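Here's the structure we're looking at; comments come further down.
The values are calculated or read from the model by the stated rules, or taken from the named source; none is laboratory data. What you see is a predicted model; the values in this text were computed from it and never measured. For neighbour counting, all protein chains shown are included, and Cβ atoms are generated from backbone atoms with ideal geometry for every residue, glycine included. These area figures cover heavy atoms from the full protein model, side chains too; ligands, DNA and RNA do not enter into them. Shrake-Rupley method; radii C 1.70, N 1.55, O 1.52, S 1.80 Å.
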Amino acid sequence: MTMNAAFRRRFLAALVLGGVVLTPALGAPPPVAQSSDNSRYASIVVDAASGEVLFSRFADARRYPASITKVMTLYLTFEALESGKIKLTDNLTVSPRAASQPPSKLGLAAGQSISLDDAMRATAVRSANDMAVVLAEHIAGSEAQFTARMTAKARELGMDHTRFTTANGLPDTRQATTARDLSILSRAVMRDYPQYYRYLGLHDWFYNGRDYRNTNGLLATGRGYDGIKTGFTNASGYNLAASSVRDGKRIITIVMGGRSTKSRNEHVAELMDTGFEVQRRRGQGERIQVAQTFFEQRGYGISADPNPPVEYASVSDEDGEGMGSTAVAYVAGPPPANLPTDVTPPPSARAAAATPRATAPIQRAEAPRTPENLTASLNGGVSATTRRASSTTTTPARNATRDAARTPAGRWTVQVGAFRDETVARNWLAEVSRRFRSQFTEAQRDVQNADGWYRSRFTGMTQASAEAACEALGERRVTCMVIRPS
């Protein structure tokens, strides 16, 4: 006798609450219990530049990726953009299949259209399941063909224990990955497409009269977080791939199987803080050869389980996923191939880049930056420091003398960056001034030191000129912040 959808959901919920583990669909491998008390928990902390694994726990055990799947969906979208097969201005038509995806979704009806740029924003910020399918169909013709490309790309990147069957991460017992594989993907997207990585760090997105906030709450903490993606299904628990930059170092942390958004975020933050503590101590000359030991001394050893087992039986408010999913644990596979080591440190200036429309909210510009992390949005892919090495830099003293001779037109300020190095701050200010000369003709250039941060600012502007300048920078995806007179 066939159960209707509502009764089936109640039946599944009763089984999950009763501690019953359901068998996956026919044809899928049978579930095998993990040695962990929580068959969903896994974590890894990685130095993004070198690929060194600072800490890992069950990093090679197969888990459900949930909406972190969308990072690969966006990776292939970035790839198609760079190759010229698609354009940001493309209008994508929503198919009946895409429109039928369950929440979280943007909710456009079949036959409606959306720009590629907005579809990517919806996928990254809203974690819109319907828009992930829209992207897949636009690029490959069908979601099935697209997910085949996703799996092939995973193998190409070295994600040897990942298989994709959906473009959005909705429950499918055949779709699995590992924390280590997700760290490989996270490094790859910022390494291969730094010009588009900013999509994964957008704090919010305004569309059709509504402001959507990113499901990654760590982005707003002011601790250097600039991505990457959250995820949740009943079977996966609360997942997060996070990236943060502090003092010129970038660390990636993956946590899977959290029991709640709050506990997961706290755990990621603790692991991230410990990773940066390792880097700081090494920078001071302390010999820490095995970072895992350092973590374990702080309570993150094999016996410490920050996420005790909890079964989920209802749709989550994060990503809106989990409908009809089952609590299935996959057996751990052999370790994937080693991470590549020749990775260019990715840019951190993408995190708060303003959206490319005049009405976009102006983002904060306080994330740490270094010469290696300064991006290419102004220089066609070449960092400010690279250009500086092949050209003569204007003397800061001469600039200060020239700027001091100007009569301020107003008292408003535009900040375009905050850095730990004064030279970097001055060179970046000069570069922005050169490329946006018309926006800052009457402004004075000033680098202000506050608690060790050198803030690159244009001062003496009117409110109208400051806001117009930030809008112009936003259209070129350059971080900008308007500061009103104190």
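From the list Thr166, Thr173, Thr221, exactly one residue is under 23 Å from Cys480 (Cβ atoms) and either among the acidic types (Asp, Glu) or open to solvent by 10 Å² or more (accessible area, probe 1.4 Å) (or both). Which is it?
On inspection, the qualifying residue turns out to be Thr221.
Any idea how many residues of segment 89-115 are under 27 Å from Leu218 (Cβ atoms) and either touching a residue at least 60 places away in the same chain (Cβ under 8 Å) or touching a Lys or Arg at 6+ places or on another chain (Cβ under 9 Å) (or both)?
6
How do the pairs read when you match residues in segment 222-235 that are part of a strand (DSSP E or B) with residues anywhere that are surrounded by fewer than 24 Cβ atoms within 10 Å (Cβ to Cβ) and of a type in the set (Asp, Glu), using Cβ under 8 Å and keeping only pairs 6 or more apart or on different chains?
Thr230/Glu318; Phe232/Glu318
Which residues, taken from segment 85-102, are assigned to a loop (DSSP other than H, G, I, E, B) and surrounded by fewer than 19 Cβ atoms within 10 Å (Cβ to Cβ)?
Listed by number, the residues that qualify are Lys85, Ile86, Lys87, Leu88, Thr89, Asp90, Ser95, Ser100, Pro102.
Against the definition (touching a residue at least 60 places away in the same chain (Cβ under 8 Å) and in contact with a Lys or Arg (Cβ under 7 Å, 6 or more places away or on another chain)), how does Ile288 come out, yes or no?
In short, no.
Could you check His203 against (1) surrounded by fewer than 24 Cβ atoms within 10 Å (Cβ to Cβ); (2) within 24 Å of Phe58 (Cβ to Cβ) and say which number it fails?
(2)
Filter segment 55-84 down to the residues that are part of a helix (DSSP H, G or I) and without any contact (Cβ under 8 Å) to a residue 60 or more places away in the chain, then identify the one that is farthest from Asn129 (Cα to Cα).
Ser83
Report, by residue number, each residue of segment 460-474 that is under 14 Å from Val432 (Cβ atoms) and either surrounded by fewer than 20 Cβ atoms within 10 Å (Cβ to Cβ) or in contact with a Phe, Trp or Tyr (Cβ under 7 Å, 6 or more places away or on another chain) (or both).
Correct list: Met461, Ala466, Ala469, Ala472, Leu473.
Hey, among Ser236, Ser244, which residue is of a type outside the set (Phe, Trp, Tyr), surrounded by 24 or more Cβ atoms within 10 Å (Cβ to Cβ) and under 21 Å from Gly452 (Cα atoms)?
Going through Ser236, Ser244 in turn, the sole match is Ser244.
Condition first: in a helix (DSSP H, G or I), touching a helix residue (DSSP H, G or I) at 6+ places or on another chain (Cβ under 6 Å) and hydrophobic (A, V, I, L, M, F, W, C). Now tell me which residues in segment 256-286 satisfy that. If you could, list the steps in order and put the result at the bottom.
Restricting attention to segment 256-286, the residues satisfying the condition of being in a helix (DSSP H, G or I) are 261-283.
Imposing the further condition that a residue be touching a helix residue (DSSP H, G or I) at 6+ places or on another chain (Cβ under 6 Å) reduces the set to 265, 274, 278.
The one that is in a helix (DSSP H, G or I), touching a helix residue (DSSP H, G or I) at 6+ places or on another chain (Cβ under 6 Å) and hydrophobic (A, V, I, L, M, F, W, C): Val278.
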